[in-house]
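Novice: This structure is in structure tokens; I'll ask about it shortly.
The values are calculated or read from the model by the stated rules, or taken from the named source; none is laboratory data. Bear in mind that the values here come from a model prediction, so they are computed numbers and not experimental data. Don't worry about glycine lacking a Cβ; one is built from the backbone with ideal geometry, like all the others, and counts go over all protein chains shown. Ligands, DNA and RNA are stripped out before the accessible areas are found, and what is left, the full protein with its side chains, is counted by its heavy atoms. Shrake-Rupley method; radii C 1.70, N 1.55, O 1.52, S 1.80 Å.
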Amino acid sequence: MTYLLALDQGTSSSRSIVFDRQGQVVTMAQREFPQIYPQPGWVEHNPQDLWQSQLATARQALKQAGLQAGQIHAVGITNQRETTLVWNRQSGEPVYNAIVWQDRRAEATCAALRERGLTDTVLQKTGLRIDAYFSGTKLKWILDHVPGARALAERGELAFGTVDSWLIWKLTGGTRHVTDVSNASRTMLFNIHSRLWDEDLLAALDIPSGLMPEVLPSSAHFGQLDAEWLGAPLEIAGVGGDQQSALFGQACFHAGMAKNTYGTGCFMLMHTGERFQVSQNGLITTAAAQPPGKPQYALEGSVFIGGAVVQWLRDGLRAIESSSEVQALAESVPDAGGVVLVPAFTGLGAPYWQPEARGSITGLTRGTTMAHIARAALESIAFQSAALLDAMSRDAVAAGGVPVSELRVDGGACVNDLLMQFQADLLGIPVVRPAVIETTALGAAYLAGLHTGLYAGLDELSQQWKAQRTFHPTLSRERAAEKMAQWERAVRQTVAM
């Protein structure tokens, strides 16, 4: 029983991965599910799609591995964060679709909170900015707009949860209503100092406290998975929001260690240890996934359009047939030829926070080709990530720490060697790609293995982490600074449009 099963419930698909004790992937199963767009700016999922796709991939993964459920040591769960569900405690039926993290319908509620002067209160208690991204205002929208929901909630008949809570409820037959600190810290309702739901913030959004799940450390007993689902009862022993889980899977356990996930967007987290730190440079503070003990924190920055810029080249410009072609096209020219592409298709995230910004391509000449634009598109991912790391390093130094000395990378786009080399060149520090890039699921598996005694502690997990390739900077710092200055000029133009 040295296998671990990780359930990885993402925004566009559900995946299940079986890991061996050494953290190596044994097998993986994946299933996409529909996205629901009721109107512009709204994004929803059918909660049953999340559940059924996750269950199906878990069964498929065990079958592919030739394993019985009894051979699985424990189960870990990692999930798309901030996505908000409310269901009936008696029937287990959702009262509304899941409102996805990308959804912007609660912006009016956020504006009202800002007008009430709550910006600093929210920041100091939760580490977050007031934004429709987080779960609290989505939950308020459901209570205010679903007929009868508020009355049921006030009678204690409804349950709120992020996706992890919903899956645990289903897996345990409705016996456990729980979440972990990393997911709770993304709700805008959780005091990350006291590690309790904050009564003042619940009151500010008119949310009955009876809706809220119990909050546990990320490595803990979350419940027993019913034997009917996989054929044997299994302990759910690790839970982490996807980005904090990836930080854990990258063995970034100590202050100053950082990782960047290159997915549809990019998510960079830097561990800050036991120190709660408010960023002076446009980042947010979040709870790190952690075993029981003193709270652990991280600074986080989000890039809205990372790998999605390659999808735009494919689907919007039709410059390539498949995403895998972008590296060869970009490498067919020695550089971007002075072209800078700012992919502010939905505004700019951290550290700029410019929701009104729109995308631009500057530096075009008669000699510009699609290859130059493709290279500029790839470089835009690295430029945005470099701006994040610069902000993190400034925050670290201001707090008496040291700048980040290496960046660990994961996510689909980290396999692109050209992008990783350019990232190292801009940052001036090594960029390290691990042997196992499925670090989000691996983090959940490690959290489960820690609680159930499969691993002795964090030192053992640190020793298991292995680099597959390290990209060392080759560009002079002067040239890198010139390139970043060129990027920042292009960003200022998008904001001024």
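Novice: Taking the C-alpha atoms of region 352-407, how large are the radius of gyration and the largest Cα-Cα span, Dmax, in Å?
Specialist: Both quantities, over Cα of region 352-407: 15.9, 49 Å.
Novice: Given the options His145, Pro334, Gln493, identify the residue whose Cα lies farthest towards the positive end of the charge dipole of the chain (+1 on Cβ of Lys, Arg; -1 on Cβ of Asp, Glu).
Specialist: The residue sitting most towards the positive pole is Pro334.
Novice: About the Cα centre of region 376-493, how large is the charge dipole given +1 on each Lys and Arg Cβ and -1 on each Asp and Glu Cβ? Please answer in debye to the nearest 20. It would help to have the intermediate numbers written out before the result.
Specialist: Details: 10 positive and 13 negative charges, 42 e Å.
Once rounded to the nearest 20, the dipole reads 200 debye.
Novice: Determine ³J(HN,Hα), in whole Hz, for all residues of region 278-284 in sequence, where each value follows from phi through the Karplus function 6.51 cos²θ - 1.76 cosθ + 1.60 and θ = phi - 60°; x replaces Gly and Pro.
Specialist: Per-residue couplings from phi come out as 7, 5, 9, 10, x, 9, 10 Hz.
Novice: Go through region 452-459 residue by residue and turn each phi into a ³J(HN,Hα) via Karplus (6.51, -1.76, 1.60, θ = phi - 60°); whole Hz please, and just put x for glycine and proline.
Specialist: Each residue's phi maps through the Karplus curve to give 8, x, 5, 10, 6, x, 5, 4 Hz.
Novice: Classify region 170-286 as rounded, prolate or oblate from the Cα gyration tensor: take a ≥ b ≥ c as the square roots of its eigenvalues, call it rounded if a/c is under 1.5, otherwise prolate when a/b beats b/c and oblate if not.
Specialist: Values: a/c = 2.21, a/b = 1.25, b/c = 1.77.
Oblate, since a/c reaches 1.5 and b/c is not below a/b.
Novice: Give me the 1.4 Å probe accessible area per residue for the chain, excluding ligands and nucleic acids, in Å².
Specialist: Details: 18580 Å² over 497 residues.
In whole numbers, the chain has 37 Å² accessible per residue.
Novice: So, how do all the Cα-to-Cα distances of region 177-240 break down into 5 Å bins, in percent, from 0 on up?
Specialist: Final binned percentages: 4, 17, 23, 19, 14, 10, 7, 5, 1.
Novice: While we're here: What nm value, rounded to one decimal, do you get for the distance between Asp417 and Leu317 when each label is placed 7 Å out toward the C-beta?
Specialist: Distance between the two pseudo-spin positions: 2.3 nm.
Novice: Another question, then. What's the Cα-based Rg to Rh of region 22-129, Rh via Kirkwood? Kindly include the intermediate steps, with their values, before the conclusion.
Specialist: Details: Rg = 19.0 Å, Rh = 17.4 Å.
Answer for region 22-129: 1.09.
Novice: Which value, in debye to the nearest 20, gives the size of the charge dipole of the chain about its Cα centre, when Lys and Arg are +1 and Asp and Glu are -1 at the Cβ? Can you show the working numbers first?
Specialist: On the way: 39 positive and 47 negative charges, 85 e Å.
Rounded to the nearest 20 debye, it is 400 debye.
Novice: Hey, another quick one. If you average 1/r across every pair of different Cα atoms in region 26-76 and take the reciprocal, what Kirkwood value do you get, in Å? Before the final figure, lay out each step's value.
Specialist: Values: mean 1/r = 0.0777 Å⁻¹.
Result for region 26-76 stands at 12.9 Å.
Novice: Same structure again: Run the dipole for region 23-176 about the Cα centre, Lys and Arg Cβ at +1, Asp and Glu Cβ at -1, nothing else charged, and hand back the magnitude in debye, nearest 20.
Specialist: Values: 17 positive and 14 negative charges, 55 e Å.
Its charge dipole is roughly 260 debye.
Novice: Which value does Rg/Rh take for the chain over its C-alpha atoms, Rh per Kirkwood? Don't skip to the end; give the middle numbers.
Specialist: Working: Rg = 22.0 Å, Rh = 23.0 Å.
The Rg/Rh ratio comes out at 0.96.
Novice: Same structure, new question: Probe 1.4 Å, all protein chains in place: accessible area of Val25 in Å², nearest 10?
Specialist: Spelled out: Val25, probe radius 1.4 Å, area about 70 Å².
Novice: 5 Å is the cut-off here: which amide hydrogens, built 1.01 Å from N in the peptide plane, fall below it relative to Val436, excluding neighbours closer than 5 in sequence?
Specialist: Long-range HN contacts for Val436: Lys466.
Novice: Give the Cα extents of region 67-165 along the principal axes, in whole Å, largest first.
Specialist: Projected onto its principal axes, the Cα set of region 67-165 covers 56, 32, 22 Å.
Novice: So for region 249-352, averaging the separation of alpha carbon pairs under 8 Å that are six or more residues apart and normalising by length, what relative contact order in percent results? Before the final figure, lay out each step's value.
Specialist: Details: 154 pairs, mean separation 25.4, N = 104.
Over region 249-352, the number comes to 24 percent.
Novice: Residue by residue, what Karplus-based ³J(HN,Hα) values in Hz, rounded to whole numbers, does region 196-207 have, using 6.51, -1.76 and 1.60 with θ = phi - 60° and x for Gly and Pro?
Specialist: 3J(HN,Hα) across region 196-207, in whole Hz: 10, 4, 8, 4, 5, 6, 4, 5, 4, 9, 6, 10.
Novice: Moving to a separate point now. Counting each DSSP H run of 4 or more residues in the chain as -39500 (n - 2.57), what helix-only mean residue ellipticity at 222 nm follows after dividing by all residues, to the nearest 500 deg cm²/dmol?
Specialist: On the way: 17 runs with 178 residues, N = 497.
Helices in the chain give a 222 nm mean residue ellipticity of -10500 deg cm²/dmol.
Novice: Along the positive direction of the dipole of the chain (beta-carbon charges: Lys, Arg +1; Asp, Glu -1; about the Cα centre), which of Ser182, Leu230, Gln244 reaches farthest?
Specialist: Sorting the options by dipole projection puts first Gln244.
Novice: Give me the log10 of I(q) over I(0) for region 383-485 at q = 0.12, 0.18, 0.21, 0.24 Å⁻¹, as the Debye formula computes it from C-alpha points; what are the numbers?
Specialist: Results for region 383-485 at q = 0.12, 0.18, 0.21, 0.24 Å⁻¹ read -0.51, -0.96, -1.12, -1.24.
Novice: Follow-up. What number results when the radius of gyration of region 308-357, computed over Cα atoms, is divided by 2.2 N^0.38 Å? Before the final figure, lay out the partial values.
Specialist: Numbers: Rg = 13.1 Å, N = 50, 2.2 N^0.38 = 9.7 Å.
Computed over Cα atoms of region 308-357, the ratio equals 1.34.
Novice: Could you please state, rounded to a whole Å, how far the C-alpha centre of region 426-497 is from the C-alpha centre of region 218-254?
Specialist: So the two Cα centres are separated by 23 Å.
Novice: I need the shape label for region 201-355. Rule: rounded when a/c is under 1.5, else prolate if a/b > b/c, else oblate, with a, b, c from the alpha carbon gyration tensor. Present the calculation step by step, with values, prior to reporting the outcome.
Specialist: Details: a/c = 2.04, a/b = 1.61, b/c = 1.27.
Prolate is the answer for region 201-355, as a/c is 1.5 or above and a/b outweighs b/c.
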